[in-house]
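Okay, structure first, notes after.
The numbers here are math on the coordinates, done by the rules we state, and not lab data. A quick note: this is a predicted structure, and the numbers were derived from the prediction, not measured. For neighbour counting, all protein chains shown are included, and Cβ atoms are generated from backbone atoms with ideal geometry for every residue, glycine included.
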Amino acid sequence: MKYIAYCRKSTESEERQLLSIDAQINEIQTKAAREGIVIDKIFRESMSAKAPGRPIFQEMMNYIQEYKECVLYVWKLDRLARNPVDGGAINWLLQQGVIKEIKAYDRSYFPADNVLLMSFEFGMANQFVRDLSVNVKRDNLEKLRQGGWPGVAPIGYLNNKADHTVYPDPATAPYIEKMFKLYATGKYGVKQIEQILYDEGFRSKTGYKVRHSVIHRVLKDPFSSGIMVRHGKYYPGNYLPIITKELFDQVQQAFENRQHTHKEIHEFVHRGFMRCENCGCQLTATLKKGHVYYYCTNGKKKCDQHKKYLREEKANEIVAEILEHLQVDAELIEMAYLAKKEKVGQTASYLEASTDNFNKQLEIVRQKQAKLLDSYLAELIPEDVYKDKIQALNNERIALEQQQKKAQANQPADPLVTLERVKNVFLTANQAKTKFLEEKNDGKRSLLEILLWNLSLSDEKVANVSFKMPYEVIAKTTQKGDFATVQGRQESNPRFRFWRPKYYHYTTPLIYPN
């Protein structure tokens, strides 16, 4: 048999708990001595029992389950638990006989006792905690409404225990006022203020530097201006403010100005499109002395090209020269478009005539079937002749319907729309160089996102270039064909039918004339 004691005090403040716990231990040991018992182990804990999770309590429970037969001494039953989880665990061990007896100062509890009584006492302890919480919240709310602060005074203030009010701390209040004035100027950040005040002697209660996170919290809290905030609601305080409401508002405006002040973001035109031919890494960009330079990132740590810088003006010239390879004679585009449009119109007329022809032939077959049925019903032809003829007509009808479906499947949905798109692609390619040179940086980059896939450079010269589809086809065809040629390629190869560029990546070496 093991004899153990559990003593608990709700508060974790050392100066308020020791006397209470020692008093409990003295009473328990006196009671045990009268019964001729020596306590084997005493468990001390300074923690609220309103919720599960007490480490010493769990240690005691493990001890009980290890030794099985235990007698547990407590000052009162509510020292063990004030929540239904811990209370249920104690109750269960008692019912199972693992705890042989629970001895409180006024009575004992045994496994054979009525469980309702013990459950009722644990329930009363739990209800006491719940009522206490409600009462405390109600009292705190009423104190806020009356202008008092229900708690430990924030930094810069002290608690007056005599009348339960707060007042400015003579040692720290001047620093609080100065931090507000410094930040209101807009010239200092929170970390700078942290160092300035530290150099001037501002310290926490424990003597350490007051961190910028604390300073930030003070600057955002209107408490120093005489306004208390609790649960999102504002209450006017009846204590002496350290700063004015006007100064607090100036600080909040300074915060707002800082949040909307961003560093200038440079949208470099060619970043993401150019690569180093030597190592395959992308070229990044930097701004130095008002000029933009591109250079290899040297991500693989084996390239000597990263020491060479390409001015953006030079990069623009290179790209403009590349875009010149997309140019097609505008008059030729228009002529080819009109010719192709006429051909599409002729094709559409042919398809329309073909459809009408199928419909007429199907109607003739239906009429023959109707006449054959009328002759059979009038007993003008025998049944065997009727069946043979009707079967032949059904076969002819089915064959015509299949031919009609096949012809419709091969017919483009809207050839004129496709033709217009192809024309617009050629016009975009034809105007690419001129538009690129005229546009500002954001316009240049938007155009490159449409046309250019990748550009490889070596010693500031073009090594390879690839365009997005269908401009890659135009680049290959510019000097070798015309609008109709590309249109023909598009029709004959489904891979060229307005695809998503990211799925196709071709590389075309550029050959510049001497």
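Overview of values
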read-out: Those lysines that a straight Cα-Cα span of less than 24 Å connects to K405, excepting residues fewer than 8 apart in one chain; value: K343, K360, K368
read-out: Residues with amide H under 5 Å from that of T165, placed H, sequence gap 5 or more; value: N160
read-out: Chain lengthening between Q327 and V214 when straightened (0.36 nm per residue, less Cα-Cα); value: 34.3 nm
read-out: Rounded FRET efficiency, nearest 0.05, which uses the C-beta distance separating E439 from I196 and R0 of 56 Å; value: 0.70
read-out: Neighbourhood charge, 12 Å Cβ-Cβ cut-off, centred on V365 and excluding it, Lys, Arg +1 and Asp, Glu -1; value: +3
read-out: Cα-projected label distance for H291 with E35, points at 7 Å along beta-carbon direction, nm; value: 9.4 nm
read-out: Inter-label distance for K406 and R366, nm, one decimal - labels placed 7 Å from Cα along Cα-to-Cβ; value: 2.3 nm
read-out: Net charge of Cβ neighbours under 15 Å - reference G443; Lys, Arg +1; Asp, Glu -1; value: -1
read-out: Computed label-point distance, nm, for sites A171 and K300 using a 7 Å Cα→Cβ extension; value: 6.4 nm
read-out: Ranking of E439, E45 by count of other Cβ atoms within 10 Å, fewest first; value: E439, E45
read-out: For a label point 7 Å along the Cα-to-beta-carbon line of N160, residues of region 227-255 with backbone N under 20 Å; value: 227-229, 235-244
read-out: Under 15 Å, Cβ to Cβ, from I196 - net charge with Lys/Arg +1 and Asp/Glu -1; value: +3
read-out: 10 Å-binned pair-distance histogram of region 271-326 (Cα, whole percent); value: 24, 50, 24, 3
read-out: Per-residue HN-Hα couplings for region 452-465 [Karplus 6.51, -1.76, 1.60; θ = phi - 60°; Hz; x = Gly/Pro]; value: 9, 9, 7, 9, 9, 10, 9, 6, 6, 10, 6, 9, 8, 9
read-out: Sorted by Cβ density within 10 Å, fewest first, the residues M47, M60; value: M47, M60
read-out: Pairwise FRET efficiency - S458 versus I398, Cβ, R0 = 60 Å, nearest 0.05; value: 0.35
read-out: Rh (Kirkwood; distinct C-alpha pairs) - region 157-259, Å; value: 14.3 Å
